[in-house]
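Remarks on the structure that follows.
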Amino acid sequence: MKRKPCSIERCDTCALRAKVVLCDLKGSDLAEFQTIKRTLDYAPHQTVFYEGHACLGLYLLCAGKVKLTRSSARGQRQIVRILGPGELIEKHVFGERALHEVTCETLEPSQVCVIDKERYLAVIHRNPQLAIKLIQLLSHEVGVNMDHLDQFTFKTARERLAGLLLELGDRFGKKDDDHVRVGLTLKREEVAEMAGITVETAIRLLGLFRDEALLTIDGRTITLLNPDRLARIARR
């Protein structure tokens, strides 16, 4: 696989470090962290790892965006999450003999750090504050997963799609006056996978939202014109 030059070469000068629990380290801990990671650069639409394969370490997204998907035994696929810079790609990897629960594919040029798990655990043992932060991170992730479960269990297709558009706008959007331009270019199939609805339903609902002046669609770019109304539809 051809690699491009790294976009972030040193952790001590990385602007994200203060916001990322995994590498919010100082002194000798930070120096050791830089020796126990490998930095890999990916082109768009490359696979970082596959569902069911062994976890070789902790995967931290330093730049770019990736999508995480799961597949059924019949080959059906669903996007479970899209991640941006500074996010730990999978959080269950601290378990023994962990396997990847998802397939990770880049959406744009991306940089991923793969961190040696055993040596990182040694850093945690010396740093109780880091251990507390990681517990908080994992607890927050449980809450996020419960929210997603509620979306699929208790909400209609219209409510789920409205909630998804708002989430993408909150996490990746660019605000312009009262409008929010979703900072992702997604196929209709990908939108449908994330909302847990059929492609036909996604196309129909997006058309209805456009007719109701809730959003505009320019190719694969979606701009939210009335986030407050979408929030009411999503029952936020």
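Of everything in the range 51-78 that is surrounded by 13 or more Cβ atoms within 10 Å (Cβ to Cβ) and assigned to a loop (DSSP other than H, G, I, E, B), the residue that is farthest from the chain's Cα centre (by Cα) is 56.
Filtered by the rule that a residue be of a type outside the set (Val, Ile, Thr) and under 15 Å from residue 57 (Cβ atoms), the range 112-132 gives 113, 116, 117, 118, 119, 120, 121, 122. Is it the case that residue 213 is more than 15 Å from the chain's Cα centre (by Cα), surrounded by 18 or more Cβ atoms within 10 Å (Cβ to Cβ) and of a type in the set (A, V, I, L, M, F, W, C)? Considered against the rule, which asks whether it is more than 15 Å from the chain's Cα centre (by Cα), surrounded by 18 or more Cβ atoms within 10 Å (Cβ to Cβ) and of a type in the set (A, V, I, L, M, F, W, C), residue 213 comes out as no.
Checked across the range 172-190, the condition of being at pLDDT below 95, of a type in the set (Phe, Trp, Tyr) and under 17 Å from the mean Cα position of the chain (by Cα) holds for at least one residue.
Of the helices (runs of 4 or more DSSP H) that lie entirely inside the range 171-236, those containing 3 or more residues that are β-branched (Val, Ile, Thr) span 199-211.
In this structure, does residue 93 turn out to be touching a Lys or Arg at 6+ places or on another chain (Cβ under 7 Å) and under 18 Å from residue 186 (Cβ atoms)? Taking the combined requirement at face value, the residue does not satisfy it.
Hey, does the range 106-118 have a residue that's open to solvent by 30 Å² or more (accessible area, probe 1.4 Å), within 19 Å of residue 67 (Cα to Cα), at pLDDT 80 or above and among the β-branched types (Val, Ile, Thr)? Checked the range 106-118: no residue is open to solvent by 30 Å² or more (accessible area, probe 1.4 Å), within 19 Å of residue 67 (Cα to Cα), at pLDDT 80 or above and among the β-branched types (Val, Ile, Thr).
Somewhere in the range 112-124, is a residue touching an Asp or Glu at 6+ places or on another chain (Cβ under 6 Å) and outside any helix (DSSP H, G or I)? No, the range 112-124 contains no residue that is touching an Asp or Glu at 6+ places or on another chain (Cβ under 6 Å) and outside any helix (DSSP H, G or I). Annotation: of all residues in the range 199-210 being out of contact with any helix residue (DSSP H, G or I) (no Cβ under 6 Å at 6 or more places or on another chain) and open to solvent by 50 Å² or more (accessible area, probe 1.4 Å), the one that is nearest to residue 70 (Cα to Cα) is 200.
The values are calculated or read from the model by the stated rules, or taken from the named source; none is laboratory data. Because the structure is predicted, anything quoted here is derived from the model rather than measured. Cβ atoms come from the backbone with ideal geometry, glycine included; neighbour counts cover every protein chain shown. Note: accessible area is taken over every heavy atom of the protein model, side chains too, but ligands, DNA and RNA are not part of it. Shrake-Rupley method; radii C 1.70, N 1.55, O 1.52, S 1.80 Å.
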